[in-house]
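K.L.:
Below you'll find the structure I mean.
The values are calculated or read from the model by the stated rules, or taken from the named source; none is laboratory data. Remember, predicted model here, so these are calculated numbers, not experimental data. Cβ: placed from backbone, ideal geometry, glycine included. Neighbour counts: every protein chain shown. Heavy atoms of the whole protein, side chains included, go into the accessibility calculation; ligands, DNA and RNA do not. Shrake-Rupley method; radii C 1.70, N 1.55, O 1.52, S 1.80 Å.
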Amino acid sequence: MARGFAKVPRARRYVLANTTLPAALVDGPPAKPDGDGLVLTDLTIAGATIERIDPPGRRTSLLKLDLDRGMAWPCFVDMHTHIDKGHIWPRRANPDGTFAGALAAVEADRRAHWRGDDVTRRMEFALRAAYAHGTALVRTHLDSAPPQHKITWPAFAEMRERWEGRVDLQGVSLFAIDAFNDDGFAAEIVRTVADHHGVLGAVTFMIDGLDRTLERMMLMAADAGLDLDFHVDETGDPSANALRAIAEAKLSTGFPGRIVVGHCCTLSLHSAAEAAATIERAAEAGLAVVSLPMCNLYLQDRAGGRTPRWRGVTLLHELAAHGVPVAVASDNTRDPFYAYGDLDMLEVFREAVRILHLDHPIASWPAAVTRSPAAIIGRPDRGVIAAGAPADLVLFRARTFTELLARPQSDRTVLRSGTPIDRRLPDYRQLDDLMESAP
């Protein structure tokens, strides 16, 4: 077939025969996986559900689609994005590609343009792309410095309702950690997040009294029944270690909720002994880490006219080896923090494999964009292939990891509730009128 599996049957019950699955994503694989962690199966689809998983060749009277050993993955989970600021690059580019340049450009664009319609239209565009690429669950950080929180959170609530059943959405507040020292703002943002059933989050950096601010934030989050999600050590300054401070605050307060820490870039710049001690505390505190390899590769260690010496990513292998739950995600898309990207989690996985060396063996790492982030953010029903699970699948012609990661897989087929979706991507021209006021 020239374009994926265009002839997926629309029958109520059918079999995806000779389907290759990453065993790490399967509950109860029917056979021992091969050396790459892949297992060949027949998947029986009954309406919106995976009915059963069998070894290939099971005799049945059901209609069969032979995938010829092509892969099937569960729909992706993208647990760290910024869809409120996505796609503003045409009107507010980053002049030098640096982190400081990104901060200044986003602040200027936010003040000038981030009203309700502007935010919702760009969110809608981003979600249409994520859906077409095969993502079913997205957590997005939402710029929440006042007065933006009064605009963006209602816009997010509208998007969550509009996309229910296609892309499930979780929202996280985003503001500089020192803003939480303002009693009025702290109370207001906790109330706003709680009212919108969101997650409390902030950008951490090494301010005076960071430990006290974190402890206060955890106590207020616990009182409100909120989980936490922090941006952490997104810098090339090796003296930064907010990751350790968050772990210590979690242990000292006994915070009962989930805590996600994103980026953690400077961990890879610390001495082996210091990094090991921090990782041990993170594991003891029960933190989960999400790495954003494409954005960090873009921003970190950037200086004009000079080749970067450092990839900017955290110690994902070492964290995982210590039992810390880990994942990778998209982060920013076509905004001053990252000029590229399309919320395509296969692209994220492909680049993560290359940047972080998630291969040789690769077998367990497909979980980093599916079941691991789903479990981290409280949705273990997502990102897994199991009897009784939703028939939300991404089908590839590729039969092996080397075939899968060698090409963009633009001919993939996405099934939602067992039925192929329209995978046409939104045209950038649909945002042109929003960009006409570019400076």
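K.L.:
Probe 1.4 Å, all protein chains in place: accessible area of residue 203 in Å², nearest 10?
P.N.:
50
K.L.:
Once Cα Rg over 2.2 N^0.38 Å is worked out from the coordinates, which option in (i) 1.04; (ii) 1.10; (iii) 0.98 does it equal?
P.N.:
Looking at Cα Rg over 2.2 N^0.38 Å for this model, the match is (iii).
K.L.:
In cubic angstrom, how much convex hull volume per residue do the alpha carbon atoms of segment 300-439 span?
P.N.:
Per-residue hull volume (Cα only) is 180 Å³.
K.L.:
On to the next question. Give the calculated FRET efficiency between residue 351 and residue 31 to the nearest 0.05, with a Förster radius of 41 Å applied to their Cβ-Cβ distance.
P.N.:
It comes out at approximately 0.85.
K.L.:
A follow-up question, please. Leaving ligands and nucleic acids out of the surface, order 32, 85, 7, 150 by accessible area at 1.4 Å, largest first.
P.N.:
Values: 32 185, 85 5, 7 155, 150 135 Å².
Output order, biggest surface exposure first: 32, 7, 150, 85.
K.L.:
Shifting gears a bit: Given segment 42-157, report the % of alpha carbon pairs whose separation exceeds 21 Å.
P.N.:
Across segment 42-157, Cα pairs with separations above 21 Å total 55 percent.
K.L.:
So, one more: For the full complex of protein chains and a 1.4 angstrom probe, list 246, 421 by accessible area with the highest value first.
P.N.:
Values: 246 0, 421 30 Å².
Final ranking, largest accessible area leading: 421, 246.
K.L.:
Now, a different point. Which of the lysines could a cross-linker bridge to residue 150, judged by Cα under 26 Å and excluding same-chain residues fewer than eight apart?
P.N.:
Cα-Cα hits under 26 Å: 85.
K.L.:
Of 181, 332, 296, which has the largest mean-square fluctuation in a 10 Å C-alpha GNM of the chain?
P.N.:
Result for the chain, Cα springs under 10 Å: 181 fluctuates most.
K.L.:
Quick one: work out the % antiparallel among DSSP beta bridges in the chain, nearest 5.
P.N.:
Working: 24 of 59 bridges.
In the chain, approximately 40 percent of DSSP beta bridges are antiparallel ones.
K.L.:
Given only helices, namely DSSP H runs of n ≥ 4 each adding -39500 (n - 2.57), what is the per-residue ellipticity at 222 nm of the chain, to the nearest 500 deg cm²/dmol? Display every interim value, and only then the final one.
P.N.:
Numbers: 13 runs with 142 residues, N = 439.
It lands at -10000 deg cm²/dmol.
K.L.:
Using a 10 angstrom cutoff on alpha carbons, build the Gaussian network for the chain and name the most mobile of 406, 282, 31.
P.N.:
So, out of 406, 282, 31, the one fluctuating most is 406.
K.L.:
Another question, if that's okay. Is the shape of segment 162-242 best called rounded, prolate or oblate, per the rule: a/c under 1.5 gives rounded, else a/b larger than b/c gives prolate, else oblate, with a ≥ b ≥ c the square roots of the Cα gyration tensor eigenvalues?
P.N.:
oblate
K.L.:
Calculate, for segment 201-306, the solvent-accessible area per residue in square angstrom, rolling a 1.4 angstrom probe over the heavy atoms of the protein chains.
P.N.:
37
K.L.:
Also, quick follow-up: Tell me, what % of the accessible area of segment 273-378 is carbon and sulfur with a 1.4 angstrom probe?
P.N.:
That fraction is 51 percent.
K.L.:
Please compute the contact order of the chain in relative form: average sequence separation of alpha-carbon pairs under 8 Å and at least six residues apart, divided by the residue count, as a percent.
P.N.:
24
K.L.:
Quick check: Cα centre of segment 404-430 to Cα centre of segment 117-151, how many Å?
P.N.:
About 19 Å separates the Cα centre of segment 404-430 from the one of segment 117-151.
K.L.:
Residues with amide H under 5 Å of residue 203's amide H, sequence separation 5 or more or different chain, H placed in the peptide plane at 1.01 Å from N; which?
P.N.:
175, 176, 177, 231
K.L.:
For the chain, set up a GNM with springs between Cα atoms under 10 Å and report which of 129, 303, 374 has the largest fluctuation.
P.N.:
303
K.L.:
Just the accessible area for residue 244, please: 1.4 Å probe, Å², rounded to the nearest 10?
P.N.:
For residue 244, solvent-accessible area is about 70 Å².
K.L.:
Quick check: pseudo-label points 7 Å beyond the Cα along Cα→Cβ at residue 253 and residue 322, how many nm apart are they?
P.N.:
Modelled inter-label distance: 2.1 nm.
K.L.:
Counting only other residues whose beta carbon sits under 13 Å from that of residue 309, what net charge do I get with K and R as +1, D and E as -1?
P.N.:
That sum, taken over residues with Cβ under 13 Å, equals +2.
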